[in-house]
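Trainee: This is the structure I have questions about; it appears just below.
The values are calculated or read from the model by the stated rules, or taken from the named source; none is laboratory data. Here the structure is a predicted model, which means the values were calculated and not measured. In this analysis, Cβ positions are derived from the backbone assuming ideal geometry, glycine residues included, and neighbour counts consider all displayed protein chains. Ligands, DNA and RNA are excluded from the accessible area calculation, which covers all protein heavy atoms including side chains. Shrake-Rupley method; radii C 1.70, N 1.55, O 1.52, S 1.80 Å.
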Amino acid sequence: MLERMQILMCGGTGCLSSHSKDIRAEFDKVLTEMGLREEVQLVMTGCFGLCEKGPVVIVYPDETFYSHVTVADVHEICEEHVLKGRPVERLIVKDPVDKQKVKNFGELKFYSKQKRIALRNCGNINPLEIDEYIAKDGYQALGKCLTEMKPLEVIDWMKRSGLRGRGGGGFPTGQKWEFASKSNDPIKYVICNADEGDPGAFMDRAVLEGDPHSVLEAMAICGYAIGAHQGYIYCRAEYPVAVERLNHAIGQARGYGLLGANIFNTGFDFDIEVRLGAGAFVCGEETALMASIEGFRGMPRLKPPFPAVKGLWGHPTNVNNVETFANVPVVYLKGPDWFKAIGTPKSSGTKVFALGGKIANTGLLEVPMGTTLREVIFDIGGGIPNKRRFKAVQTGGPSGGCITEKSLDTPIDFDNLVALGSMMGSGGMIVMDEDNCMVDVARFYLDFTVDESCGKCTPCREGTRRMLDILNKIVKGDGTLEDLDTLETLGNMVKDTSLCGLGQTAPNPVLSTLKHFRDEYVAHVVDKVCPAGVCAALTNYVITDKCIGCTKCAKNCPVGAIQGSVKQKHKIDLEKCIRCGACKKACPVNAISSKPEDWRNAVRG
Ligand SMILES: Cc1cc2nc3c(=O)[nH]c(=O)nc-3n(C[C@H](O)[C@H](O)[C@H](O)COP(=O)(O)O)c2cc1C
Ligand code: SF4
Ligand code: SF4
Ligand code: SF4
Ligand code: FES
């Protein structure tokens, strides 16, 4: 029977953690009770991108986008929308930019500037149903490659498409496949790098959860192109939903003869296994990853030899990132010229970003290369909430750097971001506003890389730790101007002499904040003040005239440092205050300030 309505519920990790599975079960129950179950198809999809609004439910054919849905809302949606055809107004998503309710989700500004290639099926299909992937042209590209093209032609198309690796380095994918194809070794491997370890990044997880078959299909195409018969997906164990869906998809593809022996009756054999990583950031580095698959400790080794020459168990191996693979089938479905025409001359196609930090629309988006940072942050991301001013955006995670206001109109591509002292990285994009301290931001990223350094080489193991010591000294108010010079010298030394990409890029957040926000560092070391009011030792808290005397701050202060009567302006005893910030968080009218311009007089007077 053909259903008259479809209800799509997000089954991405974000929405699952806010009970989207229970919402699906409730729809099933209520629709059955109402005798409507036969008329409505319920589909649990991957991430829709607007995770900020989750749990998300979309009702077709009218494309109504419901946000923050709870189990308690399901009955009303069934009764009003499904039965009577009247969408439930109170649940309809509001555009975060103009705060207007939007009738169908295509009107949301979040989606209007996006182009979805890697995410084409995420939020559109049930990732547990291979038939839904096939209905969206799934496995057609593999069929075409195996039955109509020679391996060298497959590689040639990939080179012509201009696709560059989305795992961070931006290496041309076709060229990489060509290197691996040149070896005569009868044993070769294809690896999908799904280790995704950057803080805040979840692009690859979304692809694996929402469209696992696109990755399997791409790996088989790559296997055919380079002459490999076995693939491994190295996925971090912290992604249990992705792992479950991948294994399910592999089973289904085998059942349909799309993996295993004699695929499409062409005599080509290719199979895939999932291997779990324990969650070390360094295991995303391709040589460490291979060591980990082989059962050794995940430590990088010197290159060359590159994996294409000597990879897994000593055999030629092609390693590509999840998002890189997700693009691959489209190159063969639509042709390399179609793909090459999207984006910029040197960076074709699109890029998926995980947008987070001080931004209205936290979530996942995909834009053509060449889109400007301003468009991503303000048009798609909805800008900075709470009327705060934009300060910087960090791209490339712990390996990247921060980009300031003056560069916001730069078109995003691999080379432009490097020219700005940052990098594309895998796609994390963290927005910062005037309340972020850039010294603290640099310290956060360096703290992460110090923790994740494998310790094999001295510059990274010792150098990053010494840099962190200096940053800790600065935020405690003990820093000197000489420390800033030492940070720079040490940072450049660690970059130049470390063995792998982790150490070679770890100083970037420090060096780029030193370059663009030196005045903030100077304020910390000379004036002994944190201009953003973040570093506890260099900050004081004062209550401003906005105070309405609600007493919440006093109730939340752990040391009883706040006095005041109901409906009267309160006061902080700076002698007692331990600068924990609890009062600032508790204040309902933002009356507590930690900005130097507000507390300096109070301290003096
Ligand atoms: C410390 C470190 C961590 C990395 N983590 C990842 C990762 O999580 N995922 C990924 O695809 N590439 C990661 N890379 C890059 C890989 O080494 C490799 O270049 C990439 O998987 C190649 O795929 P691509 O050409 O499709 O980008 C990392 C590199 C370094 C140095
Ligand atoms: S640079 Fe850091 S992570 Fe890389 S090998 Fe050296 S110590 Fe290990
Ligand atoms: S910063 Fe902490 S210790 Fe100081 S007044 Fe506020 S709540 Fe109390
Ligand atoms: S929480 Fe804010 S408004 Fe309430 S008493 Fe404290 S400073 Fe005043
Ligand atoms: S996880 Fe549900 S919209 Fe992203």
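Trainee: Please say if the range 497-573 is rounded, prolate or oblate, where rounded means a/c under 1.5 for a ≥ b ≥ c the square roots of the C-alpha gyration tensor eigenvalues, and otherwise the choice is prolate for a/b larger than b/c and oblate otherwise?
Mentor: Prolate, since a/c reaches 1.5 and a/b exceeds b/c.
Trainee: Any chance you could give the angle, 0 to 90 degrees and rounded to 10, that helix 438-452 forms with the longest Cα principal axis of the chain?
Mentor: 50 degrees
Trainee: Can you classify the range 289-384 as rounded, prolate or oblate using the Cα gyration tensor, where a ≥ b ≥ c are the square roots of its eigenvalues, rounded means a/c under 1.5, and otherwise it's prolate if a/b beats b/c and oblate if not?
Mentor: Oblate shape, in that a/c is at least 1.5 and b/c is the bigger or equal ratio.
Trainee: With a cut-off of 8 Å between alpha carbons and a minimum separation of six or more residues, what is the relative contact order of the range 146-279 in percent?
Mentor: Taking the mean separation of contacting Cα pairs over the length of the range 146-279, I get 26 percent.
Trainee: Net charge near K387, counting Lys/Arg +1 and Asp/Glu -1 over other residues with Cβ under 13 Å of its Cβ? Present the calculation step by step, with values, prior to reporting the outcome.
Mentor: Details: positive: K358, R388, R389; negative: D433, E434, D435.
Around K387, the charge tally is 0.
Trainee: Can you list residues from other chains, or at least 5 along the same chain, whose modelled amide H is less than 5 Å from the amide H of V274?
Mentor: I233
Trainee: Also, I was wondering about something else. Please list log₁₀ I(q)/I(0) at q = 0.09 Å⁻¹ for the range 1-159, using the Debye equation with identical point scatterers on the alpha-carbon positions.
Mentor: Normalising to I(0) and taking log10 leaves -0.36.
Trainee: Counting only protein heavy atoms, what percent of the accessible surface of the chain is carbon or sulfur at a 1.4 Å probe?
Mentor: 52 percent
Trainee: Got a sec to turn the phi values of the range 355-363 into Karplus ³J(HN,Hα) couplings, 6.51 cos²θ - 1.76 cosθ + 1.60 with θ = phi - 60°, whole Hz, x for Gly and Pro?
Mentor: Whole-Hz 3J(HN,Hα) from phi for the range 355-363: 8, x, x, 8, 8, 5, 9, 5, x.
Trainee: How long are the semi-axes of the equivalent ellipsoid of the range 363-454, defined as square roots of 5 times the Cα gyration tensor eigenvalues? Whole Å, largest first.
Mentor: The equivalent ellipsoid of the range 363-454 has semi-axes of 21, 17, 12 Å.
Trainee: So for the range 285-370, taking the charge dipole from beta-carbon charges (+1 Lys/Arg, -1 Asp/Glu), which of G295, S348, G335 sits furthest toward the positive end?
Mentor: In the range 285-370, that residue is S348.
Trainee: What list of ³J(HN,Hα) couplings, whole Hz, do you get for the range 69-84 from phi and the Karplus terms 6.51, -1.76, 1.60, once you set θ to phi - 60° and write x for glycine and proline?
Mentor: 6, 10, 4, 5, 7, 5, 4, 5, 4, 5, 5, 7, 7, 6, 7, 9
Trainee: Given a 1.4 angstrom probe, what's the average accessible area per residue across the chain, in square angstrom?
Mentor: Per-residue value: 40 Å².
Trainee: Let me ask you something else. At 1.306 mPa s and 10 °C, plugging the Kirkwood radius over alpha-carbon pairs of the range 258-342 into Stokes-Einstein gives what diffusion coefficient in µm²/s? Before the final figure, lay out each step's value.
Mentor: Details: Rh = 15.3 Å.
Reported coefficient: 104 µm²/s.
Trainee: Please state, to two decimals, what the Cα-based radius of gyration of the range 149-290 comes to when divided by 2.2 N^0.38 Å (N = residues).
Mentor: In units of the globular-protein estimate, the range 149-290 measures up at 1.03.
Trainee: Which Cα, out of L490, C454, G167, lies furthest along the positive dipole direction of the chain (beta carbon charges, K/R +1, D/E -1)?
Mentor: Result: L490.
Trainee: A follow-up question, please. Within the range 29-96, which trypsin sites (Lys or Arg not before Pro) sit in a loop by DSSP and count at most 12 neighbouring Cβ atoms inside 10 Å? Before the final figure, lay out each step's value.
Mentor: On the way: sites: K29, R37, K53, K84, R90, K94; in loops: K84.
Those that pass, being in a loop and sparsely packed, are K84.
Trainee: Take the alpha carbon gyration tensor of the range 133-230, find the square roots of its eigenvalues, order them as a ≥ b ≥ c, and report rounded if a/c is under 1.5; if not, report prolate when a/b exceeds b/c, else oblate. Before the final figure, lay out the partial values.
Mentor: Values: a/c = 1.77, a/b = 1.28, b/c = 1.39.
It comes out oblate by the Cα gyration axes.
Trainee: Residues with amide H under 5 Å of I403's amide H, sequence separation 5 or more or different chain, H placed in the peptide plane at 1.01 Å from N; which?
Mentor: Residues meeting the criterion, in which the H sits 1.01 Å from N, are V393, Q394, T395.
Trainee: Over the chain, what is the percentage of antiparallel beta bridges among all DSSP beta bridges, to the nearest 5? Mind showing how you got there, number by number?
Mentor: On the way: 34 of 62 bridges.
Close to 55 percent.
Trainee: Would you mind checking K150/K346; K340/K391; K387/K515; K113/K585; K159/K303 for any pair whose Cα atoms are more than 31 angstrom apart? Don't skip to the end; give the middle numbers.
Mentor: Values: K150/K346 26 Å; K340/K391 34 Å; K387/K515 27 Å; K113/K585 35 Å; K159/K303 23 Å.
Over 31 Å apart, Cα to Cα: K340/K391; K113/K585.
Trainee: With every protein chain kept in the model, how would you rank V69, V241 by accessible area, 1.4 Å probe, largest at the top?
Mentor: Most to least solvent-accessible, the answer reads V241, V69.
Trainee: From the C-alpha gyration tensor of the range 1-62, pull out the three semi-axes of the equivalent ellipsoid (sqrt of 5λ each), sorted largest to smallest, in whole Å.
Mentor: They are 22, 13, 8 Å, listed largest first.
Trainee: Let me ask another. Once you treat every alpha carbon in the range 79-146 as an equal point and sum by Debye, what is log10 I(q)/I(0) at q = 0.20, 0.24 Å⁻¹?
Mentor: For the range 79-146, the Cα-only Debye profile gives -0.96, -1.04.
Trainee: I've got another one for you. Could you work out the local net charge near D195, counting Lys and Arg as +1, Asp and Glu as -1, over the other residues with Cβ closer than 12 Å to its Cβ?
Mentor: Here the charged neighbours net out to -4.
Trainee: Using θ = phi - 60° and the Karplus relation 6.51 cos²θ - 1.76 cosθ + 1.60, list the HN-Hα couplings for the range 477-485 in order, rounded to whole Hz, with x at every Gly or Pro.
Mentor: Running phi through 6.51 cos²θ - 1.76 cosθ + 1.60 with θ = phi - 60° gives x, 9, x, 10, 4, 4, 4, 5, 5 Hz.
Trainee: Per DSSP helix of 4 or more residues, -39500 (n - 2.57); summed, then divided by the residues of the chain. What does that give at 222 nm, rounded to the nearest 500?
Mentor: Working: 23 runs with 212 residues, N = 605.
Estimated from H runs of four or more residues: -10000 deg cm²/dmol.
Trainee: Still on this structure, please answer the following. Compute the long axis of helix 464-475 from its Cα atoms, compare it with the longest principal axis of the Cα atoms of the chain, and write down the angle in degrees, 0 to 90, nearest 10.
Mentor: Helix 464-475 and the main axis of the chain meet at about 30 degrees.
Trainee: For the range 535-580, with the dipole built from +1 on Lys and Arg beta-carbon atoms and -1 on Asp and Glu ones, taken about the Cα centre, which of G560, G549, C577 lies farthest toward the positive end?
Mentor: G549
Trainee: Quick one: how many Å² of L484 are accessible to a 1.4 Å probe, rounded to 10?
Mentor: 0 Å²
Trainee: Rule-of-thumb check for the chain: C-alpha Rg over 2.2 N^0.38 Å?
Mentor: Ratio of Cα Rg to 2.2 N^0.38 Å: 1.05.
Trainee: While we're looking at this one, here's another question. Determine the dipole magnitude for the chain: charges of +1 sit on the beta-carbon of Lys and Arg, -1 on that of Asp and Glu, nothing else is charged, the reference point is the Cα centre, and the result goes in debye to the nearest 20. Walk me through the numbers on the way to the answer.
Mentor: Values: 72 positive and 74 negative charges, 302 e Å.
Around 1440 debye, computed over the chain.
Trainee: Please list, short to long, the whole-number percent of alpha-carbon pairs of the range 409-500 in consecutive 10 angstrom bins beginning at zero.
Mentor: Each 10 Å bin holds this share of Cα pairs: 14, 39, 38, 9, 0.
Trainee: Hey, how many Å between the Cα centroid of the range 255-297 and the Cα centroid of the range 399-429?
Mentor: Taking the Cα centre of each part, the range 255-297 and the range 399-429 sit 32 Å apart.
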